[in-house]
Each structure stands twice: as C-alpha cells, then as structure tokens.
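Pasting in a structure now, in structure tokens, and then I'll have a few things to ask.
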Amino acid sequence: MERIHVAVRARPLSLEDAKTSPWRISGNSIFIPNHSFKFEFDKIFNEHCKTVEVYETHIKEIVAAAVRGFNGTVFAYGQTNSGKTHTMRGSKTEPGVIPQAVHDLFRMIEKVSIPLHLVEPGYVASAH
Ligand SMILES: Nc1ncnc2c1ncn2[C@@H]1O[C@H](COP(=O)(O)OP(=O)(O)OP(=O)(O)O)[C@@H](O)[C@H]1O
C-alpha cells in the first residue's frame, strides 16, 4: 500500500440536493459534465457503500500493521454534514470505523504471543 492513501466517501444526497448537485462519479474520479476538469482519487466510495466496506478496504490493514509495530493514521476531513462522524463513529446499526478498529485490535492482540500490550485510545475532533 502507498504511504498516503486518499479516499472519498460520497454520502446520499437529499432529494433537493440531488436535483441541484452537478457532481458525478465515475470509477475513482469526480467531475462535472461538460467541464474539462476531473479530480482523481485513490478510491471513491459511492453513496451506496456501507462503512464496513470502507473499513475492510483500507483501514483494517492499518490496524493490523499497528499490531506489528507500525505507525498509522486514519482521519476524516470534510465540510460540515459531509459524513465524518457517520464514518468514524457510526451508530449501533452501522458502526463506524473506530469501533470496528477497536474490535479488530483486541481480536488481533489476543492472537499474538507477546504477553503485554498497552493500548491508549484517543479521539480528536477539530472544527475550524
Ligand atoms: N454514508 C451515509 N449514509 C447515510 N447517512 C449518512 C451518511 N453520511 C452521513 N449521513 C448522515 O448525514 C448527516 C450528517 O453526517 P455527520 O454528522 O456524520 O456529518 P459530519 O461531517 O460529522 O458533520 P459536522 O462536521 O457538522 O460534525 C447525519 O444525519 C448522518 O447520519
């Protein structure tokens, strides 16, 4: 995996927004029809994707690498209401990547033979 991986997650639009949003997704690109620009990303998850897919695609391996001693960071960036909390924290019905990572982390720790691990959880949310 590349050292830095940039993925976009599109969230479902309201009916009103869907009428006016000019943006279209094609593969891993976002564009406005009849305009020359096109923005390419490592991965685009469309509005139908579930958080588990986001987690399984890129984040699970970062958690696994952390257990092997590698540093890793996952952060969500976006305008207000774009779905950062939905993706990171989630809900009971659709857990976010944080609860999925914590679950996996302890499952992986149980399996390795090193007797002692120190887990120091932290969570930072910033609004500017
Ligand atoms: N992929 C999604 N599927 C369904 N609903 C979503 C999705 N992403 C976000 N939402 C809903 O959209 C609303 C805004 O999402 P959320 O609170 O996660 O945004 P945010 O980026 O954390 O906003 P803020 O920066 O203002 O805290 C919430 O009601 C959330 O449940």
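Can you give the accessible area of I109, probe radius 1.4 Å, in Å² rounded to 10?
About 30 Å², rounded to the nearest 10.
While we're here: In nm, to one decimal, how far is the modelled label at E53 from the one at F41, with both set 7 Å along Cα→Cβ?
So the two model labels end up 1.3 nm from each other.
Taking only protein heavy atoms into account and a 1.4 Å probe, give the accessible area per residue of the stretch 1-47 in Å².
81
Taking 2.2 N^0.38 Å as the expected size of a compact globular protein, what ratio does the Cα radius of gyration of the stretch 50-128 give against it, to two decimals?
Working: Rg = 13.6 Å, N = 79, 2.2 N^0.38 = 11.6 Å.
For the stretch 50-128, the normalised Cα radius of gyration is 1.17.
Using all C-alpha to C-alpha distances in the stretch 1-47, build P(r) with 10 Å bins and read off the rounded percent in each one.
24, 49, 23, 5
Amide H to amide H, which residues 5 or more places from V8 or on other chains are under 5 Å from it, using H placed in the peptide plane?
Answer set, sorted by chain and number: K43, I44, F45.
Follow-up. Taking a 22 Å limit on the Cα-Cα distance, which of the listed pairs K43/K92; K50/K92; K60/K92; K60/K84; K43/K84; K19/K43 fall beyond it?
K43/K92; K19/K43
Right, something else. Starting from the Cα-Cα distance between A64 and R11, subtract it from 0.36 nm times their residue separation and give me the gain in nm to one decimal.
That works out to 16.4 nm of additional length.
The values are calculated or read from the model by the stated rules, or taken from the named source; none is laboratory data. The model shown is predicted, which means the values in this text are computed figures rather than measured ones. Reconstructed Cβ throughout: ideal geometry from the backbone, glycine too, with neighbour counts over all protein chains shown. Side chains are part of the model used for accessible areas, which takes the heavy atoms of the whole protein and leaves out ligands, DNA and RNA. Shrake-Rupley method; radii C 1.70, N 1.55, O 1.52, S 1.80 Å.
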